[in-house]
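The values are calculated or read from the model by the stated rules, or taken from the named source; none is laboratory data. As the structure is a prediction and not an experimental result, all values here were calculated from the model. Ideal geometry is used to build each Cβ from the backbone, glycine not excepted, and the neighbour counts take in all protein chains shown.
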Amino acid sequence: MQEEFEKHDFFRSNYYVDDPYAYFDYLRAKAPIYREPHHGVFMVTGYDEALEIYNDPDRFSSCMSTTGPFAGNPIPLEGRENDDISGLIEEYRDQTVFSDQITTMDPPKHSDHRSLLMALITPKRLKENEDFMWKLADQQIDTFISRGKCEWMDDFAQPFAVLVVSDLLGVPEEDRVKFRKQLIRNEQEQGGAVVGGTAGQEAQHSPLEFLYGAFSAYIEDRRRNPKADVLTGLANAKFLDKSTPTPLDVARIAANLFSAGQETTVRLLSHAFQVVGERPDLQKRLREDRSLIPNFVEESLRIEGPVKGDFRLAKKPTQVGGVDIPAGAFLYVANSAANRDPRTFSNPGEFQLDRDNARLNVSFGRGRHACPGAPLARAEAVVSLNRMFDRTSDIRIDEKVHGPPGARRYSYLPTFILRGLTHLNLEFDPR
Ligand code: HEM
């Protein structure tokens, strides 16, 4: 096994797609931060080390957070191992991929855009959005319930996730279907990862152009003709210093929210229902005591987090966990590995419904870039589980598609950023 792990390149081969966890364990056993030999990327598999890096933007830049060096790196890093390269990063920032998206920004610009973003996700807006979810889940279940089976992604998770974010941002009804089709087209063109890099593929500079156009038009319109709606709230949002952002700035934030919440949430919903189908014992307990559902969702997030990892770039020579890290080194902070660090989670490979620290998972990242959509994604999972339990009496894995217990066939997205099933076929008894 050791030989295989040494031989196969995590970032460029499909060897780890079905099971990245054994490799992460292997790396962690060497050291919680270990430099892999193919590209010299520091693989961060320890929980404490991941938190230290996420919480320190002074030492670690997010400038290529979703692609690392794998979509091209324009910054001349050679020979700069002992320098502070903060200025160099700024000099080349515009040439890096996704440089217009919040995930790649560093303070102070990040703080400004983040405040704009948080103005869109207020507790009031989240509450209204959750009320919408309950109705929407029922409507979506209505479309397939009588069949007694479904392909969970296409029939429920994808449309549900798009329509929930559309509602959050106040996208007019007539545009929602158009957005969804375009996002799916983008995703197919990129091999399944709108939010991140794909093994062996280059990322587009800005895959969200079409959303920028649509949201810029909404913002311009609402600035001219304010209405009592969410888009008018978006149009009026201000930066921290109270200056007014350009329509394109607002459009970028809205587009980021729109796209970042899709694929990730779909993978959470699919994994949660995979466990429900695989574990009749847990399904029974959840059906009998719905108050267990939130912790079930946390444990699903911990054991199969939808974002396998994100990158950071060391801005200066430093040390983490006793390991020397030169300036200009890329670090891959593997959330999925930190979530299984036995120093933080006992028997980490075991799904434990009653795990008392499941919520410490880092599936939504940490620090300044921590996922602002986390409450939304959690609510989407809780609502879907509740509604499916209300509308069915038994949920099972479809054996004709996935094979019998003990010989299941599941396929996973071939990317080093996302972790999740490509499809999930379920059977159930409608009530
Ligand atoms: C289970 C579902 C989700 C997971 C696992 C997830 C995971 C993450 C992670 C790990 C990050 C941090 C990236 C980094 O530090 O480099 C992040 C950031 C982000 N997420 Fe999510 N996310 C989910 C759902 C959502 C939803 C529903 C939305 C929007 C409604 C959303 C919007 C964003 C945005 C805008 C950022 C960038 C924040 C920033 O850079 O300040 N996410 N997400």
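Going through (1) within 30 Å of Ile75 (Cα to Cα); (2) small (Gly, Ala, Ser); (3) within 16 Å of the ligand (Cβ to nearest atom); (4) in contact with a Lys or Arg (Cβ under 6 Å, 6 or more places away or on another chain) one by one, Ala358 falls short only on (1).
The test for being crowded, with 16+ Cβ neighbours inside 10 Å, modelled with pLDDT under 95 and not in a helix (DSSP H, G or I) holds for Thr415. Within region 58-79, the set of residues being under 20 Å from Arg366 (Cα atoms) and touching a strand residue (DSSP E or B) at 6+ places or on another chain (Cβ under 9 Å) comprises Arg59, Phe60, Ser61, Ser62, Cys63, Met64, Ser65, Thr66, Thr67, Gly68.
Counting the residues of region 78-105 that are more than 16 Å from the ligand (Cβ to nearest atom) and of a type outside the set (A, V, I, L, M) gives 14. Considering only residues that are surrounded by 17 or more Cβ atoms within 10 Å (Cβ to Cβ), assigned to a loop (DSSP other than H, G, I, E, B) and either over 20 Å from the mean Cα position of the chain (by Cα) or without any contact (Cβ under 8 Å) to a residue 40 or more places away in the chain (or both), which ones fall in region 32-56? Pro32, Glu36, Val41, listed by residue number.
Determine if region 329-339 includes at least one residue that is within 23 Å of Phe42 (Cβ to Cβ) and away from the ligand (no atom under 16 Å from the Cβ). The answer is yes; a qualifying residue exists.
Report yes if Ser65 is within 12 Å of Ala329 (Cα to Cα) and in contact with a helix residue (DSSP H, G or I) (Cβ under 7 Å, 6 or more places away or on another chain), otherwise no.
no
Condition check: surrounded by fewer than 15 Cβ atoms within 10 Å (Cβ to Cβ), more than 16 Å from the ligand (Cβ to nearest atom) and at pLDDT below 95. Does Arg408 satisfy that?
no
Within region 119-131, residues that are at negative phi and of a type in the set (A, V, I, L, M, F, W, C) reach partners that are away from the ligand (no atom under 12 Å from the Cβ) and part of a helix (DSSP H, G or I) with beta carbons closer than 7 Å, at six or more positions or on different chains, in the pairs Leu120/Leu234.
Yes or no, residue by residue, for (1) closer than 22 Å to Gly309 by Cβ; (2) not small (Gly, Ala, Ser):
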{"position": "Ser61", "(1), (2)": "yes, no"}
{"position": "Ser65", "(1), (2)": "yes, no"}
{"position": "Phe70", "(1), (2)": "yes, yes"}
{"position": "Asn73", "(1), (2)": "yes, yes"}
{"position": "Glu81", "(1), (2)": "no, yes"}
{"position": "Asp84", "(1), (2)": "no, yes"}
{"position": "Gly87", "(1), (2)": "no, no"}
{"position": "Tyr92", "(1), (2)": "no, yes"}
{"position": "Gln101", "(1), (2)": "yes, yes"}
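In summary, helices (runs of 4 or more DSSP H) completely within region 105-190 and bearing 1 or more residues that are closer than 18 Å to Ala237 by Cβ occur at 109-120, 123-142, 158-169. As a summary of the residue check, Ala71 satisfies the conditions (1) under 23 Å from Glu36 (Cβ atoms); (2) at pLDDT below 95; (3) under 18 Å from the mean Cα position of the chain (by Cα) except for the one numbered (3). Identification of helices (runs of 4 or more DSSP H) wholly contained in region 234-295 with 1 or more residues that are near the ligand (Cβ under 10 Å from one of its atoms) and closer than 22 Å to Pro405 by Cβ yields 263-278.
Does Glu298 count as closer than 22 Å to Pro372 by Cβ, within 15 Å of the ligand (Cβ to nearest atom), surrounded by fewer than 24 Cβ atoms within 10 Å (Cβ to Cβ) and at pLDDT 95 or above? Yes; evaluated as a whole, the condition is true for this residue.
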